[in-house]
Amino acid sequence: MRVPEVLLDVRDLRICYETSRGCVKAVDGVSLEVYAGETFCLVGETGCGKSTLALAIPRLLPPNARILSGSILFKGVDLLRVSDSKLQELRGKEIAMIFQNPMTSLNPVHRVGFQVAEVPVTHFKMSWREALATAVRQLGRVGIADPDLRSRDYPHTFSGGMKQRSMIAMMTTCKPSLLIADEPTTALDVTIQAQILKLLHELKNEYGLTLLLITHNFGIVAEVCDRVGVMYAGKIVEVADVTEVFEAPLHPYTKGLIDCVVARRKSKSRLNQIPGTPPSLLNPPTGCRFHPRCAYVTHECVKEEPRLIEVRKNHLVACHNYEKVGGVSWSS
Ligand code: SF4
């Protein structure tokens, strides 16, 4: 069997935000591999650290973020240690990122076509004439009707869906190796969400991209992902193929998230929920961070932090009691 090529290799990454109340440990000892050509979904509740992890890859963290340790190897190059000029070269050309809110991602004072064209001008030294023609083609490819005309418009004349399509056009013009999409559909209408996901999936196959998709929505995971990493309170708690995660989750938190989806599918009158709330990352709980909310908690969980280990082929979990966690029943 062919061994998958590792495109992105995050090792023991620790990031904190310095605040007036102390250091918020947003990413705490995360290790993760993303294979070339796959769609890898990083899933978890808001505030679990997934966006911080995504922003750290192209080094776009806010000024109060501090990388305490670890490495992010992209094609063998440590992105945390390359020079700013090398990183500038990689951004857009090799690693591109689509953000959550397309309303604020585009520059309001430049025409959309100009903004898309800027990317090949910067990275491929294309002439402006050629780049603008490329931008029109790319806007058409992502589904902007009448792209020649609309490329001359300013972003405020575009709907939210059109803005996100334009961002996708901009970020895929150079056919990067890695496309990071941080909650790309959160700010959009439900019907547009499905179209944007379909578009990302198509472009991924057409250009041979690797897609790192950040989401809190397990429905999206089921639609487009090959593998899933589940994050909780700054840590990765489970990694597996998407089918395995849905059929036989091993971490109580993953199982709780999937049970919520199952309950909704079965149209139960009451929605399922995971009891409690995510912990503060200023002072996270001892041992396993999920222990105050876990139905399987034991004394060991409170005292000792579980390590992320491979317990089945390609299935990693960080839980002392994973053997007790049952599968999911999808039948009604
Ligand atoms: Fe629950 Fe213990 Fe597993 Fe944590 S280690 S998820 S508290 S059973």
Exercise for the section: May I ask you to derive the relative contact order of the chain, considering only C-alpha pairs under 8 Å and at least 6 residues apart, and to give it as an integer percent? Expected result: 19 percent
Problem - Where the stretch 71-195 is the region considered: accessible area per residue in Å², 1.4 Å probe - result: 47 Å²
Practice task
Can you bin the stretch 222-311 into rounded, prolate or oblate? Criterion: square roots of the alpha carbon gyration tensor eigenvalues sorted a ≥ b ≥ c, rounded for a/c under 1.5, prolate for a/b above b/c, oblate for the rest.
Solution key: oblate
Practice task
Return the long-range amide H neighbours of residue 35 (sequence gap of 5 or more, or a different chain), with a cut-off of under 5 Å between placed amide H atoms.
Solution key: 7
Problem - Simple spin-label estimate for residue 259 and residue 222 in nanometres, 7 Å along Cα-Cβ - result: 1.7 nm
Fill in the blank from the handout: Whole-Hz Karplus couplings 3J(HN,Hα) for the stretch 319-325, θ = phi - 60° and coefficients 6.51, -1.76, 1.60, Gly and Pro as x, run 7, 6, 10, 4, 5, 8, 7
Exercise for the section: Sort all Cα-Cα distances of the stretch 21-111 into consecutive 5 angstrom bins from zero, then give the percent of pairs in each bin up to the one containing the longest distance. Expected result: 2, 10, 20, 23, 22, 14, 7, 2, 0
Handout entry: Computed [θ] at 222 nm, deg cm²/dmol, the chain (DSSP H ≥ 4; -39,500 (n - 2.57); rounded to nearest 500)
Key = -9500 deg cm²/dmol
Practice task
Could you tell me which of the pairs 175/235; 125/175; 75/204 are separated by over 22 angstrom between their Cα atoms in the structure shown?
Solution key: 175/235
Problem - Rg [Å, one decimal], Dmax [Å, integer] - the chain, C-alpha atoms - result: 20.7, 67
Handout entry: Calculated FRET efficiency for the pair residue 156/residue 12, C-beta based, R₀ 56 Å, to 0.05
Key = 0.80
Completion exercise
Helix 252-265: inclination vs the chain longest Cα principal axis, degrees, rounded to 10, gives 70 degrees
Exercise for the section: Would you work out what percent of the accessible area of the chain, with all protein chains in place, is carbon or sulfur (probe 1.4 Å)? Expected result: 51 percent
Problem - Helix 190-207 axis, angle to the chain major axis (alpha carbon atoms, nearest 10°) - result: 80 degrees
Practice task
Sort out for me the Cα centre separation of the stretch 206-229 from the stretch 53-110, rounded to whole Å.
Solution key: 19 Å
Handout entry: Label-point separation in nm, residue 124 to residue 311, each point 7 Å along Cα→Cβ
Key = 4.8 nm
Handout entry: Residue-by-residue Karplus 3J(HN,Hα) for the stretch 236-242, coefficients 6.51, -1.76, 1.60, Hz, glycine and proline x
Key = 7, 10, 7, 9, 6, 5, 4
Exercise for the section: Apply the Karplus parameterisation 6.51 cos²θ - 1.76 cosθ + 1.60, with θ equal to phi minus 60°, to every residue of the stretch 6-12 and state each ³J(HN,Hα) to the nearest whole Hz, in sequence, with x for glycine and proline. Expected result: 7, 8, 10, 10, 8, 10, 6
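The values are calculated or read from the model by the stated rules, or taken from the named source; none is laboratory data. Keep in mind the model is a prediction, meaning the values are calculated, not measured. Virtual Cβ from ideal backbone geometry, glycine too; neighbours counted across all protein chains shown. Note: accessible area is taken over every heavy atom of the protein model, side chains too, but ligands, DNA and RNA are not part of it. Shrake-Rupley method; radii C 1.70, N 1.55, O 1.52, S 1.80 Å.
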